[in-house]
Amino acid sequence: MKANHSTAVREAKSREEIKNMFLESDFGMYSEIFDRKNFDGTWQSIDRYLDREDTSMPSADWCRKFVISGGSFDSCGSWGITPKRGIELEYLNIPAHFAGSMLALLGRADYDYYHGVVDVYNEGMVPKTRAEFHTLVAGINRQKIAQEAKAKPKSTVRLGWMKEDEFTRYLLKTSTRIISNSTRYNHFNGVYFYEENENFLTKSEFLRNPVFAKWVSKRPSESVRKERQLAKSYVSPVGWLKKVPPYLMAAAMRKNKEYFNSTSLDMSRTSVGRIFDTGDGEILIHCPDNSKKTAKTIFGRKIKWNLFSVKIGDKCFIWNPSNGFQNHIEANSFREAFNMWENRSRKGEPRPLCFNDIRNDRTGTSGFCLTGTKSFLQNRMPFVYRLVSKYSSWSEIPNEIMSTVWDVDFKVFKGYPVP
């Protein structure tokens, strides 16, 4: 009996020691840090990540200060930072209270915060509002360009508050050197020249800058650029392609891809890949992975005398054959696509636009996919493209970007479908 009692005492002490060791360990400290509230009112601790394989966390002390200051963790890096990003911030010596307070200020971690919090801290500034934070991030990025171009010195805050055209004018007038990796035939120190702002090139106020004037004088014209591109490209014999019936076009593309010239057909980039319009009004060629080897012939279904529809993957498309597929509507269902088409027809043009008006994952007026929208923005509105370039779906884009209304000069849509 005495031996059994001694054994029980030893086992009890051993269990108590193990319990104390657990409470004093890092895992135990992580269990006491709560950053997420459930729907039922209970809270979750950050040790939820430690139950996963190959997942580690910043130090418990950094995590505690980060959460107390308003920060949180999120596997997707949307409403909070990922554990991996937390480790990076601690490694970069970003104070936990600063990282947490900036996340609380912004509300999200997947926009300017993700890459901007480090730059803002290293700049030695502490923004008090969301607008100040975004302004600082923009100013820091512009400051890097301005300093590399050796433009007239201006404060980071001043550069951040500049409108896009004001910053463009500043670079064109005051740059004293060429940034080699940001200057090509249609870029000068990161300023992109598209059709609507070509007149910038001939304004005397900018040509007074000898650096810009020299670049303009050597810049080839549009016709010369096209001639150079044509000279470099392999001219394929495409005469035979005209004799191929539209319903055999996909097979011809697969078998004779070395002779196929994609410029002979109208092409649209969509969320399900590239789609070529054969021009007969109802037959499309679908290349899901941008490879002509997997080209498929798609036959449209007539739903009205001037309207065809087709389903590719999980997306539905509607278009007017007389206008071509480039002016299509893309949606998740035929009913949704048809309603969007009707809304677009009644709404007319021109009008102020925001991304919520044109997105294709809700019933609206246009129904444009993000892939095609980004392609248009990159060519015609690069300053807006930079806001959405890193997102792959409409739902990922912050609402403050989606709801911003733009006064659009509809001439910018020349060559593109008008929303």
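So what's region 134-230 giving for Cα Rg divided by 2.2 N^0.38 Å, two decimals? Write down the numbers at each step before the final one.
Values: Rg = 13.9 Å, N = 97, 2.2 N^0.38 = 12.5 Å.
Scaled against compact globular proteins, the figure is 1.11.
Rounded to the nearest Hz, the phi-derived 3J(HN,Hα) couplings of region 199-215 under the Karplus curve 6.51 cos²θ - 1.76 cosθ + 1.60 (θ = phi - 60°) are 5, 4, 5, 9, 6, 5, 4, 8, 6, 5, 7, x, 5, 5, 4, 5, 5, where x marks glycine and proline.
Region 47-72 and region 146-165 have Cα centres lying 37 Å from one another. The alpha-carbon atoms of region 20-153, seen along their principal axes, cover 62, 30, 24 angstrom, with the largest extent given first. Summing Cβ point charges (Lys, Arg +1; Asp, Glu -1) relative to the Cα centre of region 134-230 gives a dipole of roughly 480 debye.
Among the listed pairs LYS144/LYS173; LYS163/LYS315; LYS84/LYS163; LYS37/LYS390; LYS128/LYS154, a Cα-Cα separation exceeding 26 Å is found for LYS163/LYS315; LYS84/LYS163; LYS37/LYS390. Quick check: net charge around PRO127, other residues with Cβ under 12 Å of its Cβ, Lys/Arg +1 and Asp/Glu -1? Net charge in that neighbourhood comes out at -2.
Bear in mind that the values in this text are calculations on the coordinates, not laboratory data. This one's a predicted model, so the numbers in the text were calculated from it and none came from an experiment. No Cβ is skipped: glycine too gets one built from the backbone with ideal geometry, and neighbour counts run over all protein chains shown.
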